[in-house]
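Take a look at the structure below.
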């Protein structure tokens, strides 16, 4: 009798590596070697925008084929903390690990029609049916080009296709420049694409999410928004920047990146604050936000709470649970962390970057500062999302 997928256990482990060499060829060669990427079921590389995309593409593909993906960041995270213009990577190994990778090009023109069959295709790529997916063995992983604004479309669609399986994703960046984000897959470099991954992992793992902001009574109504839903032109009938600054008791010229980092917009969703990052102040007084909003929508000013303590509690808890479930001995193989770049900006403005790094890096780490995070059905801002992986040997 065929055993259920949840019982078909094989070995599973994760490796992480980082490299700070400024020469792209040297860095990518060394990190792929350290990750044993040639023998991995899946390899992910995150790199600083200073690196040569074509060198990465031409080096990654012969080693990993379609099983390797790379993308740019607003800063890298490794086991030692935050870094810039480096590389960090993660690879998945073992007889109990399978991965299927599909690229979605031309995101700006994408509708649901061409992706209706994508979950099933990814399942077939690992030899499974959708009905066989199990929350303890399977996970969706996404990497987006953030300029498309398609995170809101794809994230809930995949969760509806397989509602028991969790989803974690990142909106890529280029030192905070959304338009400059690049994605590397199968020997090519893309600027308007997403990669969807279905991972089967027979070791213990847990997806996690954390946000550290709180609701306030300060409310603003979206009275005019551009067609893309990502540019707020007016709040309360005034210039969006003017109304936002007024709600904070500031003059418009006093609104800085640190103010934006500690006071995102947002609303309440299922009893919890749902933050919306303000990514850019435009000369015309409009606000570019990292999530879609609608005219008539009521948004609140949110206030940052203790970023370091909140992050530490989240990571500490997930590390304890996953380590305890690992075999043959309790251990944590890796943390894959997607950290909103505005959390890093906030930590920088308050002098807490090292403390935040300590809170996050409670084990081997591969991660990035992002322009958006995805968790379960939601495209998030001002948050941290990720996965803790244990091992089964």
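The values are calculated or read from the model by the stated rules, or taken from the named source; none is laboratory data. Given the structure is predicted, the values throughout are model-derived calculations rather than measurements. All Cβ positions, even for glycine, are placed from backbone atoms using ideal geometry, and neighbour counts span all protein chains on display.
Among the residues making up region 169-189, those that are surrounded by fewer than 23 Cβ atoms within 10 Å (Cβ to Cβ) and part of a strand (DSSP E or B) are 188, 189. If you check 336, 299 for being in the same structural domain as residue 263 (by the TED database), in contact with a strand residue (DSSP E or B) (Cβ under 9 Å, 6 or more places away or on another chain) and crowded, with 18+ Cβ neighbours inside 10 Å, only one passes: 299. Being within 24 Å of the chain's Cα centre (by Cα) and either buried (at least 18 other Cβ atoms within 10 Å of the Cβ) or outside the structural domain of residue 354 (by the TED database) (or both) is the filter; apply it to region 318-330 and report the residue that is nearest to residue 151 (Cα to Cα). Across region 318-330, the extreme among qualifying residues is 318. Regarding residue 83, is this residue within 17 Å of the chain's Cα centre (by Cα), within 27 Å of residue 391 (Cα to Cα) and surrounded by fewer than 22 Cβ atoms within 10 Å (Cβ to Cβ)? Answer is yes for this residue. If we keep just the residues of region 268-288 that are surrounded by 18 or more Cβ atoms within 10 Å (Cβ to Cβ) and without any contact (Cβ under 8 Å) to a residue 60 or more places away in the chain, which is farthest from residue 384 (Cα to Cα)? By that ranking, first place goes to 285.
Within region 38-46, the presence of at least one residue that is without any contact (Cβ under 8 Å) to a residue 60 or more places away in the chain and either surrounded by fewer than 16 Cβ atoms within 10 Å (Cβ to Cβ) or not assigned by the TED database to the domain that holds residue 196 (or both) is confirmed. Looking across region 216-238, the residues that are buried (at least 20 other Cβ atoms within 10 Å of the Cβ) and either out of contact with any helix residue (DSSP H, G or I) (no Cβ under 7 Å at 6 or more places or on another chain) or assigned by the TED database to the domain that holds residue 150 (or both) come down to 222, 225, 230. Looking across region 145-165, the residues that are surrounded by 19 or more Cβ atoms within 10 Å (Cβ to Cβ) and closer than 22 Å to residue 180 by Cβ come down to 145, 146, 147, 148, 149, 150, 151, 154.
The condition (being in contact with a helix residue (DSSP H, G or I) (Cβ under 8 Å, 6 or more places away or on another chain) and not assigned by the TED database to the domain that holds residue 137) is satisfied by just one residue among 290, 247: 290. Among (1) at pLDDT 95 or above; (2) within 26 Å of residue 270 (Cα to Cα), there is one condition residue 390 misses while meeting the rest; what is its number? Of (1) at pLDDT 95 or above; (2) within 26 Å of residue 270 (Cα to Cα), only one is false for residue 390: (2). Within region 47-98, track down each residue that is without any contact (Cβ under 8 Å) to a residue 60 or more places away in the chain, touching a helix residue (DSSP H, G or I) at 6+ places or on another chain (Cβ under 8 Å) and over 22 Å from residue 356 (Cβ atoms). Those that are without any contact (Cβ under 8 Å) to a residue 60 or more places away in the chain, touching a helix residue (DSSP H, G or I) at 6+ places or on another chain (Cβ under 8 Å) and over 22 Å from residue 356 (Cβ atoms): 51, 52, 55, 59, 63, 64. For region 86-119, residues that are farther than 22 Å from residue 391 by Cβ, surrounded by fewer than 17 Cβ atoms within 10 Å (Cβ to Cβ) and at pLDDT 95 or above total 1. Taken over region 133-164, the residue count meeting the criterion of being outside any strand (DSSP E or B) and at pLDDT 95 or above is 5.
If you check 80, 66 for being modelled with pLDDT of 95 or more and closer than 25 Å to residue 150 by Cβ, only one passes: 66.
Residue 133 meets all of the listed conditions (1) under 24 Å from residue 172 (Cα atoms); (2) surrounded by 21 or more Cβ atoms within 10 Å (Cβ to Cβ); (3) touching a helix residue (DSSP H, G or I) at 6+ places or on another chain (Cβ under 8 Å) but one, namely (1).
From the list 278, 345, the lone residue that is closer than 24 Å to residue 216 by Cβ and touching a strand residue (DSSP E or B) at 6+ places or on another chain (Cβ under 6 Å) is 278.
Among the residues of region 112-132, the ones that are outside any helix (DSSP H, G or I) and over 22 Å from the mean Cα position of the chain (by Cα) come to 6 in all.
Only one entry in 363, 367 is touching a residue at least 40 places away in the same chain (Cβ under 8 Å), farther than 24 Å from residue 225 by Cβ, touching a helix residue (DSSP H, G or I) at 6+ places or on another chain (Cβ under 7 Å) and buried (at least 19 other Cβ atoms within 10 Å of the Cβ), namely 363. List the strands (runs of 3 or more DSSP E) that sit entirely inside region 1-109 and contain at least 2 residues that are under 30 Å from residue 347 (Cβ atoms). Here the list reads 13-19, 42-47, 68-72, 76-78, 81-83, 87-93. All conditions but one from (1) in a strand (DSSP E or B); (2) at pLDDT 95 or above; (3) touching a helix residue (DSSP H, G or I) at 6+ places or on another chain (Cβ under 6 Å) apply to residue 379; the one that does not is (2).
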